[in-house]
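The values are calculated or read from the model by the stated rules, or taken from the named source; none is laboratory data. None of the values given here were measured: they were computed from a predicted structure. Quick reminder, even Gly has a Cβ in these numbers, built from the backbone with ideal geometry, and neighbours come from all protein chains shown. The accessibility values were calculated without ligands, DNA or RNA, using every heavy atom of the protein model including side chains. Shrake-Rupley method; radii C 1.70, N 1.55, O 1.52, S 1.80 Å.
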Amino acid sequence: MSEEVKARKKMIEVRNLKKIYRMGDEKIKAVDDVSFDVLDGDFCCLIGTSGSGKSTILNLLAGIEKATSGDIILRGKNITRMSEARLAGFRQSSLGFVFQSYNLIGTMTALENVELPLIFKREKRKVRRKKSEEMLKKVGLEKRMDHKPSEMSGGQQQRVGIARAFVAKPKIIFADEPTGNLDTKTTVEVMTLIKQMARENHQTIVMVTHDPTLTEYADKVIRISDGKIVETKINQAADAAV
Amino acid sequence: MNLWDLLKMGLRNLSRRKARTALTVVGVVIGTVSIVSMVSIGIGINETFEKTYMENGAMTIIQIQQYSSSFDESGNWTGDKKQTLDDSLVEQLRGIKHVKAIAPIIDQNGQFKSGKYSTYVQLRAIGRDAFGEFGFPELTYGTYPTATDNKKIVIANGTLQSFYYYSGRKYEEKTIDPTQEKITFTFPEWNYQKNPRKKDYKIEMNPGLGNFAVMEESDNWEYNSTCYVDMDFFKEMWKQYASTLTVADRKRAMQVLESYSAIYVNVDNIDNVVEVQEAIKALGYGTYSDMQYLEPLQQTSNMIQVVLGAIGALAMLVSAINIANTMVMSIYERTREIGIMKVLGCKVYDIRRLFLYEAALIGLMGGIIGIMLSYLVSFFINKYGQPIFAAIMQTSAVYDVEGAKFSVIPFWLPFAAAVFGMFVGVVSGYIPARRATKISAIEAMKSNQ
């Protein structure tokens with residue numbers, strides 16, 4: 001096992017990452033000198049209490065927020081130095097997102113929502129439609145393709161969100177409390193789905209959560225408190241949980 | 001994102017708030033209708049002015065007559081002045097800026113005969129270069145005189161229709177076709193006394209000789225009634241004619257060749273006519289042009305056009321503000337959506353384009369509907385606007401109120417209006433669109449709209 005780990009590439013490298021907010025005269029260190037790696041194909045879980053800085057780390061990794069200092073290297077590219085336009089292109093090609101509040105566009109159907117990343121990538125109409133339909137079938141929503149988010153349950157909406165995150169086959173998927181608004185049963189369904197899809201395409205996942213029970217899905221668990229890493233754990237039995 | 005996806009998304013967003021979109025479009029419609037109908041009225045007035053004058057003569061021509069009437073300050077006739085029009089004046093005129101062509105002219109009376117029918121005409125000798133420069137009409141037969149082929153008379157269409165026969169009891173009119181019937185040209189007998197021992201001077205028109213041409217019917221009465229010959233040929237004709245006269249009259253007749261009866265000056269552009277006229281006046285010659293009467297009228301009509309255009313532009317400005325307001329509202333509503341799009345990899349450039357397209361679509365829709373309504377408005381102005389315009393336009397006697405069109409929409413105006421509508425949309429959508437691109441993705445997604 002350990003040899004296999006060495007052979008795998010580093011998909012995410014975080015070096016001395018800092019994010020400092022200014023509130024008047026006070027400086028708040030939301031992320032305080034964090035460094036860690038995530039290997040290709042790993043499921044990494046950032047766990048911490050509310051306000052621990054775990055969501056901020058995820059936003060920094062995704063390039064949604066700008067780091068105060070430090071480097072973030074995704075697939076060998078340092079995104080802290082990318083221009084807005086190149087970052088957008090990088091998101092199109094390499095990143096997928098699953099959000100706690102699903103963040104679907106309310107006026108679009110499930111199918112159109114899933115198609116969106118492909119539209120931004122300028123994929124051909126027929127190709128992207130086919131891909132999106134296949135993806136919705138995989139998440140078990142073949143009967144809900146033409147439904148708007150408001151006509152679906154939370155679990156269904158999150159499955160649309162997952163389909164959207166995976167449709168462009170990005171190498172890295174960021175998930176921010178993906179089950180935060182779901183009940184226990186649906187949580188298991190959604191987590192299983194994410195894990196399964198990631199394994200199929202050998203994708204790397206970084207998930208943020210406050211729920212310790214979800215760590216069992218992860219290969220690597222990083223505990224965050226007050227903007228610092230307090231514990232890193234390799235979970236050898238992660239695959240058994242699925 | 002490709003164009004089609006952007007347009008589709010834009011249309012979807014517009015149809016999401018139908019009432020608001022419709023109201024904004026109505027604003028653009030009102031703006032477009034006011035601009036188009038105002039401009040069309042301006043064009044209509046101008047066209048009518050020009051048409052009225054085109055019937056009477058070419059607009060760019062200045063005439064310097066041998067006998068020039070002079071007027072006092074209040075416009076009363078004070079007498080005629082004889083001016084010497086010779087080649088040295090022609091040279092001076094050539095030095096004036098904007099002068100395109102100069103045609104010295106000698107006018108003489110002439111007579112055509114065909115069997116028992118005859119007609120008197122004005123025969124105008126003119127430098128042959130003028131045939132290409134003074135807006136001469138097309139020919140229905142023959143060619144205009146050239147350097148190698150100048151021995152011909154160019155007959156006006158009206159001349160051929162005015163042949164008559166009068167015997168004291170009977171008056172008959174006839175239209176002669178010189179390609180079918182034989183006609184001859186002579187100078188009339190009343191001016192000079194003929195030497196009875198000499199043969200009469202006459203030229204037989206003959207299609208075989210190619211010594212005549214026929215002009216097509218023209219709106220310009222001068223070209224419709226005056227016959228033309230090349231100046232060099234005229235001098236030849238006149239010398240031959242003079243040799244058939246008595247010795248005393250021969251001398252008197254030869255004086256005709258010493259001074260031109262008029263000089264016509266063609267100016268390169270209608271706008272420069274008055275300027276050239278002033279320059280000629282400075283040389284001490286009295287002049288005449290149609291333009292000198294039209295210019296004050298045209299100034300009035302230009303002013304009316306500007307005022308009308310300004311009214312239309314004001315309405316358009318209001319609708320531009322309206323579009324900007326709609327776009328600001330729309331972006332405010334869609335903050336979260338914009339954030340999501342950014343996170344999913346939509347480029348800033350595409351977000352800006354999306355909002356610009358939406359604004360342009362509003363402008364375009366308003367523009368197209370506005371144009372259609374404008375045609376309707378134009379129709380009603382032409383149909384029912386007469387009493388109003390008759391009252392406003394009382395300034396000009398030449399303005400033929402009865403047959404006039406008050407609103408003319410030229411073919412380019414609808415296109416210009418549609419493009420303008422879109423342009424207004426894009427301009428007023430630009431700042432809101434830029435605002436949309438500045439929205440931070442993280443803030444946007446936190447907002448609970």
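When region A:74-102 is filtered for residues that are within 11 Å of chain B (Cβ to nearest Cβ) and part of a loop (DSSP other than H, G, I, E, B), the ones remaining, listed by number, are A:SER83, A:PHE99, A:GLN100, A:SER101, A:TYR102. Would you check if there is a residue in region A:65-73 being without any contact (Cβ under 8 Å) to a residue 12 or more places away in the chain and outside any loop (DSSP other than H, G, I, E, B)? No, region A:65-73 contains no residue that is without any contact (Cβ under 8 Å) to a residue 12 or more places away in the chain and outside any loop (DSSP other than H, G, I, E, B).
As a summary of the residue check, A:SER69 satisfies the conditions (1) within 25 Å of A:LYS9 (Cα to Cα); (2) surrounded by 19 or more Cβ atoms within 10 Å (Cβ to Cβ); (3) more than 10 Å from chain B (Cβ to nearest Cβ) except for the one numbered (2). Among residues of region B:409-420 that are assigned to a loop (DSSP other than H, G, I, E, B), those with a beta-carbon under 6 Å from a residue that is surrounded by 19 or more Cβ atoms within 10 Å (Cβ to Cβ) at least six positions away or on a different chain give the pairs B:ILE409/B:SER40; B:ILE409/B:SER378.
Looking only at region B:294-351, residues that are open to solvent by 60 Å² or more (accessible area, probe 1.4 Å), within 14 Å of chain A (Cβ to nearest Cβ) and either assigned to a helix (DSSP H, G or I) or over 30 Å from A:MET108 (Cα atoms) (or both) come to 1 in all. In region A:73-80, the count of residues that are of a type in the set (D, E, K, R) and under 29 Å from A:GLY180 (Cα atoms) is one or more. When region A:197-214 is filtered for residues that are surrounded by 19 or more Cβ atoms within 10 Å (Cβ to Cβ) and hydroxyl-bearing (Ser, Thr, Tyr), the ones remaining, listed by number, are A:THR204, A:THR209. Taken as a whole, the condition of being among the acidic types (Asp, Glu) and within 18 Å of the chain's Cα centre (by Cα) applies to A:ASP42.
Here A:ASN59 fits the description: at the interface with another protein chain (Cβ under 10 Å from one of its Cβ atoms), within 20 Å of A:ILE229 (Cα to Cα) and under 21 Å from the mean Cα position of the chain (by Cα).
Among the residues of this structure, A:THR49 counts as one that is polar (S, T, N, Q), over 23 Å from B:LYS438 (Cβ atoms) and not in a strand (DSSP E or B). For the residues B:GLN449, B:GLN394, the requirement of being out of contact with any Phe, Trp or Tyr (no Cβ under 7 Å at 6 or more places or on another chain), in a loop (DSSP other than H, G, I, E, B), at pLDDT below 70 and away from every other protein chain (no Cβ under 14 Å) singles out B:GLN394. Considering (1) touching a strand residue (DSSP E or B) at 6+ places or on another chain (Cβ under 6 Å); (2) at pLDDT below 90; (3) open to solvent by less than 50 Å² (accessible area, probe 1.4 Å), the lone condition that A:GLY63 does not fulfil carries the number (1).
Could you pull out the residue among B:ASP230, B:ASP219 that is within 30 Å of B:ASP129 (Cβ to Cβ), open to solvent by 50 Å² or more (accessible area, probe 1.4 Å) and within 37 Å of the chain's Cα centre (by Cα)?
None of the other options fit; the residue is B:ASP219.
Of all residues in region A:1-21, none are surrounded by 21 or more Cβ atoms within 10 Å (Cβ to Cβ), in contact (Cβ under 8 Å) with a residue 24 or more places away in the chain and part of a loop (DSSP other than H, G, I, E, B). For A:PHE97, the stated conditions hold: it is aromatic (Phe, Trp, Tyr) and buried (at least 22 other Cβ atoms within 10 Å of the Cβ).
Reported count of residues in region B:241-291, each being in contact with a helix residue (DSSP H, G or I) (Cβ under 8 Å, 6 or more places away or on another chain), among the β-branched types (Val, Ile, Thr) and in a loop (DSSP other than H, G, I, E, B), is 1. Counting only residues that are of a type in the set (D, E, K, R) and part of a strand (DSSP E or B), region B:176-206 holds 2 of them.
If you go through region B:135-163 and keep only what is within 24 Å of B:LEU257 (Cβ to Cβ), surrounded by fewer than 21 Cβ atoms within 10 Å (Cβ to Cβ) and not charged (D, E, K, R), you end up with B:PHE136, B:TYR144, B:THR146, B:ALA147, B:THR148, B:ASN150. Filtered by the rule that a residue be more than 10 Å from chain A (Cβ to nearest Cβ) and open to solvent by 20 Å² or more (accessible area, probe 1.4 Å), region B:430-442 gives B:TYR430, B:ILE431, B:ARG434, B:ARG435, B:LYS438, B:ILE439.
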